[in-house]
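Here the structure is laid out as structure tokens; the discussion comes afterwards.
The values are calculated or read from the model by the stated rules, or taken from the named source; none is laboratory data. All figures in this text were calculated on a predicted structure; none of them were measured in a lab. As a convention, Cβ positions derive from the backbone with ideal geometry for all residues, glycine included, and neighbour counts pool all protein chains shown.
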Amino acid sequence: MERSGVWCLILCGAIALGAASSARADTVTPVSNEGTLIESQAWASTGSGQTPTTVLGNPTGTGGVAISDLTGNGPGTSNYLFDQTYSSPTGSFVSGTGPLGNGDSYGFINSYVIDVPTSTAAAYLFSLNLTAQSGLDDLSARLYEYNVNGVQNLSVGTIGPIGTGLIDSWSASSNGLVSSTTLSPATIAAGSYVLEIAGLETGSVSGAYSGQLSITPVPLPAALPMLLSGIVGIVGMGGLLNRRRNIRRSTNVL
């Protein structure tokens with residue numbers, strides 16, 4: 001094979017590899033305080049008796065997902081909004097022995113991937129069921145790590161690979177004119193997590209939920225900066241003493 005042909009194969013292979021890598025890359029977008037989280041993945045039933053399928057990557061399983069970056073919003077509590085509207089309900093699945101495991105029925109699952117500093121995280125969401133035409137029931141939420149041992153952990157409708165990455169399991173739902181659920185405050189390390197929402201459309205025409213995620217960065221212990229500065233001071237003093245010893249040795253030799 002001619003040299004030009006070899007270079008063509010190498011170049012074409014590199015281009016194909018680069019295209020595949022970029023196709024799988026996640027898209028990270030900063031979201032400011034009071035901003036709206038970007039939906040990363042969604043599943044909705046299209047018939048009765050369905051079970052959500054596990055999908056890695058975007059909803060088609062072929063690429064990266066959208067990540068909301070919440071790391072740059074200061075030391076105080078920041079609140080982030082999320083909402084979704086569904087229309088023309090077509091089916092549901094009963095969790096019974098499934099991932100939700102509480103016997104309720106569900107028709108949709110939404111996921112929001114977030115980047116956070118070391119924080120306390122809590123969430124609340126609700127649906128107003130004021131008429132027979134509009135409403136959602138069985139709202140539930142959970143929080144888990146986006147990556148575990150280097151493996152992407154985004155799942156739809158199954159505990160699956162979540163394992164030890166689970167922070168908050170599916171929350172209890174409260175139904176009525178206002179259907180709601182709450183994730184209790186949990187302290188999480190800096191990193192990427194998945195906030196997942198599930199529910200059932202009970203209105204004959206449509207239903208919608210709204211929610212808020214609260215992130216409160218956890219500050220360093222007050223004594224830690226002093227300790228670090230003390231360590232730096234000791235190291236610096238040690239270097240100064242070593243330099244003085246070296247100068248004395250040099251003087252004695254002379």
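Some points to look at:
- Total residues in region 139-165, condition out of contact with any Asp or Glu (no Cβ under 8 Å at 6 or more places or on another chain), at pLDDT 70 or above and either buried (at least 19 other Cβ atoms within 10 Å of the Cβ) or among the polar types (S, T, N, Q) (or both): 7
- All positions within region 35-81 that are of a type in the set (Val, Ile, Thr) and at pLDDT 75 or above: Thr36, Ile38, Val65, Ile67, Thr71, Thr77
- Matching residues in region 107-118 - criterion: being more than 17 Å from Leu154 (Cβ to Cβ) and either buried (at least 23 other Cβ atoms within 10 Å of the Cβ) or of a type in the set (A, V, I, L, M) (or both): Gly107
- Scanning region 177-191 for residues that are in a loop (DSSP other than H, G, I, E, B) and within 14 Å of the chain's Cα centre (by Cα) yields Ala189, Ala190.
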